[in-house]
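Here, each number is a calculation from the coordinates, and none is a lab measurement. Please read all numbers here as calculations on a predicted model, not as lab measurements. Glycine also receives a Cβ, built like all others from the backbone with ideal geometry; neighbour counts cover every protein chain displayed.
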C-alpha cells in the first residue's frame, strides 16, 4: 500500500517553489543550481528531490503554475458578470495586485520561458494567449471600431506592456506599491482608450480625377 503524503507536503512544495523562483529571478534559470535551491530552503538536496525530480521540474511548475493562477483570475472576474468597463478595470487591478505576490514567478515567466521544452512551452504560451485574448475581448467591447481595425489585441498587448514590466522599476520597499499602482494603471489605460484613433485604409480614386486619399480617424 502506497504511503500517503504528509499534511505539510503541499506547503513544503510551495516553499521550495517560492525560493526557487526568487533564485531564478535573481540569477536566471541556467545560473541557479539545485544546491543553491536547497541552501535557500534550509533543506538537503535529497529532500528537494523528494518533491521535484530536477531543476527543470521547478521551472515548469513556476511558469505553468503562474499562468494557471492568472487564468483563474480571468475566470473569476468573468464570472462576476460586470459591464465591459468595470470588468476591464477589475481585470487590470487584479492582475497588478497578483504581480505583487508573484513578482519572482512573473520574472521567471518573462525571461526563462525559452528554456522550456517545446511541449511545456506551448502549453504555457497557450495559457498566455488565452489570457491576452480575454483582455482583447474586453477592449473590443469598449471600442468595437478598434476591433474592426484589428487594434484590440494590439491595445491589450500595450496594456500588458505596462503591467508586465513593473517589476523592473517598482521597488517592493518603495513609496509606491502594486496596490497603489493598480488603479493608476487602470485609469491611465481606460482614460486613454477613448482617445485612440483607428487607422483607416487610404482610398484612391483614379478614374480621370485627381487622386484623393481619405483616412478614417474615428468611429
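Observations
- For a paramagnetic label modelled on residue 35 (point 7 Å from Cα along Cα→Cβ), amide N atoms under 19 Å away belong, within the range 42-77, to 42-50, 54-56.
- Between residue 69 and residue 45, the simple label model (points 7 Å from Cα in the Cβ direction) yields a spacing of 2.9 nm.
- Length released on extending from residue 141 to residue 187, taking residue separation times 0.36 nm less the Cα-Cα span: 14.8 nm
- Distant alpha-carbon pairs in the range 116-173 (separation over 14 angstrom), percent: 64 percent
- Cα-based Rg of the range 9-195 normalised by 2.2 N^0.38 Å, two decimals: 1.12
- Estimated FRET transfer efficiency (residue 114, residue 56; beta-carbon r; R0 22 Å; 0.05): 0.95
- Sequence-separation-based contact order of the chain, relative, with Cα cut under 8 Å and 6+ spacing, percent: 19 percent
- Cα-Cα separations in the range 1-117 greater than 24 Å, expressed as whole percent: 36 percent
- Taking the alpha carbon gyration tensor of the range 23-85, multiplying each eigenvalue by 5 and rooting it gives semi-axes of 34, 12, 9 Å, largest first.
- Here the spin labels are modelled as points 7 Å beyond Cα on the Cα-Cβ line, and at residue 122 and residue 85 they lie 4.2 nm apart.
- Placing R0 at 22 angstrom, the Cβ-Cβ distance between residue 179 and residue 78 gives a FRET efficiency of 0.45 after rounding to 0.05.
- Arranged from fewest to most other beta-carbon atoms within 10 Å of their beta carbon, 101, 106, 50 become 101, 50, 106.
- Taking every alpha-carbon pair within the range 154-193, the share separated by more than 16 Å comes to 35 percent.
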